[in-house]
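Participant: Got a structure for you, written out below as structure tokens; questions coming shortly.
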Amino acid sequence: APPECPFCGEAAGRELEEHVRARHGHLLGAPGTENGEQLYECPMCSLTCTDIKILEEHVDLHLEEHNFSEGGNIRDLELAQQLQTEEDERQRSEEEKREREEFKKLQRQYGLDNSGGFKQQFLKNMEREVDRGRMQPFEYHKRKADMMESLASGIDDGKTKTSGVIEALCTYYQNENKDVRRVWLSAGVDHFHSSLGDRGWGCGYRNFQMLLSSLLQNSFYNDCLRDTTLIPSIPKIQSMIEDAWREGFDPHGASHFNNRLHGSKAWIGACEIYSLLTSLRIKCQIIDFHKPTGPMGTHPRLFEWILNYYSTDNEGGAKVVCTSKPPIYLQHQGHSRTVVGIEEKRNKSLCLLLFDPGCSSQQMQKLLKQNSDGTGLKLLRKFVGSLKEKQYQIVAVDGVLSLEEKAARCRASQILTSERIP
């Protein structure tokens, strides 16, 4: 509020001094007497003076102090507002910087940072191996030529593949007499592990190769896979997923990747596997185990679902059941694996058998010469207490789609592709 006149209370603003002198100057010299002396009283603080000049100087000081106080308050307010504005801008700038850094981190984590794909990583890692003396130059050039041929044909070179593990497991369980009551196994599945070109991000593609290796051995899926008779390379799988997106599958998921996978190190998950399989007219479903269903963060209902998947249509008295069921794609945050079977122990506990893309060919080939004590199976076995991620998703194949069913699933995938398990 503007300053008020101390004499009349009128708002005088910044012209207070002029107002007092013009309107109330006669009061400044209001005389009094003491011991015969004439006294002059300050109207602002009741100080008495014997000299009118001194009183005028005294009142001037009051007025200057008042004006300084008013101006100081305004300057303080302006300064406070300026400091607050600067602080808001600083916080906004820091928040924007954090968001940019977090976004770049996510892009790097999920292979969307335009740093190249399978080919670039393969060449870079081989060059590093040569520099460290772990690879000879002639081997570098040979493997580069093989890789380029694989990329040109779209067919996986098979250098990370291990075949025959399921058959070896069948033989082992036939002779196992300790604690396994029954075991169900998928139809023949080849194991594929990550290579120099996809290490750190290729697990989803490798698990698809495992699943496809089983489907290609099953004549029931011949019609669906007549254009896919050999295991595709990872860049080819990326192109196949892009083709599924162009057909209209999972537009929301496609937008996450800006509708482009080929030439990137982008991670894929259950939704991309579902879209690709359905585009090939392979009937499948995503099951979402979105929270633990047992103590200590475990998922017993996941194990029960997988047991039901394998045991349906395969009931009987045999201890070892080599089913015609394809393997199951199993996804959790940051990694995926392939379920190739399930054990039921004599105490009724369940144990999954998993192929992990992180296991090398050397490790997997040891299973082809399985010891009678089954110690090598530690590589595959996962009990209920071993799977304690917050959420799991599985993709399970269960037949063939007609063209009409495929079209219906394409429309449905644009809305919802996941059945939730409560």
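The values are calculated or read from the model by the stated rules, or taken from the named source; none is laboratory data. Keep in mind it's a predicted model, so treat the numbers as computed, not measured. Neighbour counts are summed over all protein chains in view; Cβ atoms, including those assigned to glycine, are modelled from backbone coordinates with ideal geometry. Just so you know, the surface numbers come from the protein's heavy atoms only, side chains and all, with ligands and any DNA or RNA stripped out. Shrake-Rupley method; radii C 1.70, N 1.55, O 1.52, S 1.80 Å.
Participant: Tell me, what is the percent relative contact order of segment 118-420, built from C-alpha pairs under 8 Å that lie six or more residues apart?
Facilitator: Computed value for segment 118-420: 27 percent relative contact order.
Participant: Distance from the Cα centre of segment 290-359 to that of segment 146-208, in angstrom?
Facilitator: Value for the Cα centre distance between the two parts: 17 Å.
Participant: In Å³ and rounded to a whole number, note down the convex hull volume per residue for the Cα atoms of segment 113-249.
Facilitator: On the way: hull volume 24.7 nm³, N = 137.
Taking the convex hull of the Cα positions in segment 113-249, it is 180 Å³ per residue.
Participant: Quick one: accessible surface of Glu404, probe radius 1.4 Å, all protein chains present, in square angstrom to the nearest 10.
Facilitator: Here the residue's solvent-accessible area equals roughly 130 Å².
Participant: Between Arg132 and Ser402, how many nm apart are label points set 7 Å from Cα along the C-beta direction?
Facilitator: So the two model labels end up 5.6 nm from each other.
Participant: Treating only the Cβ of Lys, Arg, Asp and Glu as charged (+1, +1, -1, -1), what charge dipole size does segment 118-420 show about its Cα centre? Round to the nearest 20 debye.
Facilitator: Using Cβ point charges on Lys, Arg, Asp and Glu, segment 118-420 gives about 840 debye.
Participant: Relative to the present Cα-Cα distance, how much length would full extension add between Lys53 and Gln414 at 0.36 nm per residue of separation?
Facilitator: That works out to 120.8 nm of additional length.
Participant: Bin width 20 Å, alpha-carbon pairs only: give the P(r) of segment 118-420 as whole percents, running from 0 to the bin holding the largest distance.
Facilitator: All Cα pairs considered, the percentages come to 32, 58, 10.
Participant: Based on the Cβ-Cβ distance of Cys170 and Lys124, what FRET efficiency does E = 1/(1 + (r/R0)^6) give at R0 = 45 Å, to the nearest 0.05? Don't jump to the answer; show the numbers that get you there.
Facilitator: On the way: r = 41 Å, r/R0 = 0.91.
Between Cys170 and Lys124 the formula returns 0.65.
Participant: How many nm is it between the label spots at Thr85 and Arg100, if each spot is 7 Å from the Cα in line with the beta carbon?
Facilitator: The modelled label-to-label distance comes out at 2.3 nm.
Participant: Carbon and sulfur: what percent of segment 118-420's accessible surface (1.4 Å probe)? Please report the intermediate quantities before stating the final value.
Facilitator: Details: 6880 of 14040 Å².
Reported share for carbon and sulfur atoms: 49 percent.
Participant: Still on this model: Going through the cross-link list Lys236/Lys388; Lys119/Lys369; Lys291/Lys325; Lys236/Lys319; Lys144/Lys369; Lys283/Lys390, which pairs have a Cα-Cα distance over 30 Å in this structure?
Facilitator: Going by Cα-Cα distance, Lys236/Lys388; Lys119/Lys369; Lys236/Lys319; Lys144/Lys369 fall outside the 30 Å limit.
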